[in-house]
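Read the structure below first, then the notes.
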Amino acid sequence: MASIKLKFRTSSVQEKEGRLYYQVIHNRVVRQIHTEYRIYSSEWDAVHSSVILPSSATPQRNNYLQELKDTLDAERKKLLLEIGR
């Protein structure tokens, strides 16, 4: 059985975007799959490990975040299929 979690690593520079990555655990081996996706800490829900759409965001930023959520869901499903083989 494999486990795939989306994680957020904050930037070491305050007020800068952090990076999203996947943590994959398969047969007790932990791996990280880095992505190029960047979000602010205010756009991350640590409890549910998901991207949120803050009310203070601009319409362009909301569009980006919504597309990012859809892309992350599709990538996660693809990873689960690949690991399940």
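The values are calculated or read from the model by the stated rules, or taken from the named source; none is laboratory data. Since this is a predicted model, take the numbers as computed values, not measurements. Reconstructed Cβ throughout: ideal geometry from the backbone, glycine too, with neighbour counts over all protein chains shown. These accessible areas exclude ligands, DNA and RNA; they are computed on the full protein's heavy atoms, side chains included. Shrake-Rupley method; radii C 1.70, N 1.55, O 1.52, S 1.80 Å.
Ignoring ligands, DNA and RNA, please state the percent of accessible area on the chain from carbon and sulfur, probe 1.4 Å. The partial results should precede the final answer.
On the way: 3160 of 6360 Å².
For the chain, the apolar C and S fraction of the accessible surface comes to 50 percent.
Would you mind getting the accessible area per residue of the chain, heavy atoms of the protein chains only, 1.4 Å probe, in Å²? Don't skip to the answer; put the middle values down first.
On the way: 6360 Å² over 85 residues.
For the chain, the solvent-accessible area averages 75 Å² per residue.
Compute the helix-to-body angle for 59-84: its Cα long axis versus the longest principal axis of the chain, expressed 0 to 90° and rounded to tens.
0
To the nearest 20 debye, what charge dipole does the chain have about its Cα centre, counting +1 at the Cβ of each Lys and Arg and -1 at the Cβ of each Asp and Glu?
Numbers: 14 positive and 10 negative charges, 85 e Å.
Its charge dipole is roughly 400 debye.
Where does each of Glu36, Glu67, Glu43 land when they are ordered by accessible area, with a 1.4 Å probe and the largest first?
Working: Glu36 145, Glu67 120, Glu43 10 Å².
Heavy-atom accessible area, descending, gives Glu36, Glu67, Glu43.
Say each of Lys77 and Ser11 gets a label point 7 Å from the Cα, pointing the same way as Cα to Cβ; how far apart are those two points in nm?
Taking the simple label geometry, Lys77 and Ser11 are separated by 3.2 nm.
Where Rh denotes the Kirkwood radius from the mean inverse Cα pair distance, what is Rg over Rh for the chain?
Details: Rg = 13.8 Å, Rh = 13.8 Å.
Ratio of gyration radius to Kirkwood radius: 1.00.
Non-local amide H neighbours of Ser50 (under 5 Å, H modeled in plane, Pro and chain starts lacking H): which ones?
Result for Ser50 returns Asp45.
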